[in-house]
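Worksheet: one structure, shown below.
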Amino acid sequence: MRQIVGMALLFLIATGTVLSQESARNQKADEAAVKAVTAGSVDAWNRHDMRAFAALFAQDADFVNVIGMWWRGRAEIQKEHETLHATRMKNTRLMAAETVVRFLRPDVAVVHVRWEITGETGSESKILPPRKGILMYVVAKIGDDWLVTAAQNTDILELPKPPTQK
């Protein structure tokens, strides 16, 4: 009887180890797939292909840009980005400096992307200084695909220095 219990215990330990290793492999694969979505958004931006950019979003996704404009749905996200890329963003180059993925559930992740953009033009067609910011994506597995369901973009602004005291 002891041998049977011992063998059963060894079987459970071995099965648990195999399942744990499989779970870790699945999470690594899911993390890579989520990062591929954010890398795809940078690539589409740099090619100024807003159709490809928008295709990374769920049909009912939300996007809040750096000045608080709230775009609802893939079609509006595409249309508004196409407008930007036809004007002030048409010569921009986006770089992702850091990407951090945190899974909330196995099928939902929050991704923070620290970015820098160059080549933006202002009102007189002058090139503006580079900008930095953080883009937060909520990415969900919908069917077999990982898609952005919500995004919030934020400029990083330098705070003015406080006045010196005399």
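From the residues in the range 148-166 that are under 23 Å from ILE117 (Cβ atoms) and at pLDDT 95 or above, which one is surrounded by the most Cβ atoms within 10 Å (Cβ to Cβ)? My answer is VAL148. Where strands (runs of 3 or more DSSP E) fall wholly inside the range 52-106, the ranges with 1 or more residues that are in contact with a Ser or Thr (Cβ under 7 Å, 6 or more places away or on another chain) are 57-64, 93-105.
Residues that are part of a strand (DSSP E or B) and in contact with a Gly (Cβ under 9 Å, 6 or more places away or on another chain) were ranked within the range 114-133; the one that is surrounded by the most Cβ atoms within 10 Å (Cβ to Cβ) is TRP115.
Yes/no matrix, rows are residues, columns are (1) touching a residue at least 12 places away in the same chain (Cβ under 8 Å); (2) exposed (fewer than 15 other Cβ atoms within 10 Å of the Cβ); (3) of a type in the set (Asp, Glu); (4) touching a helix residue (DSSP H, G or I) at 6+ places or on another chain (Cβ under 6 Å):
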| site | (1), (2), (3), (4) |
| --- | --- |
| LYS35 | yes, no, no, no |
| TRP70 | no, yes, no, no |
| LYS79 | no, yes, no, no |
| LEU84 | no, no, no, no |
| ARG88 | yes, no, no, no |
| THR92 | yes, no, no, no |
| ALA97 | yes, yes, no, no |
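The values are calculated or read from the model by the stated rules, or taken from the named source; none is laboratory data. Nothing here was measured: the structure is a model prediction, and the numbers come from that model. Note: ideal-geometry Cβ built from the backbone for every residue, glycine included; neighbour counts use all protein chains shown.
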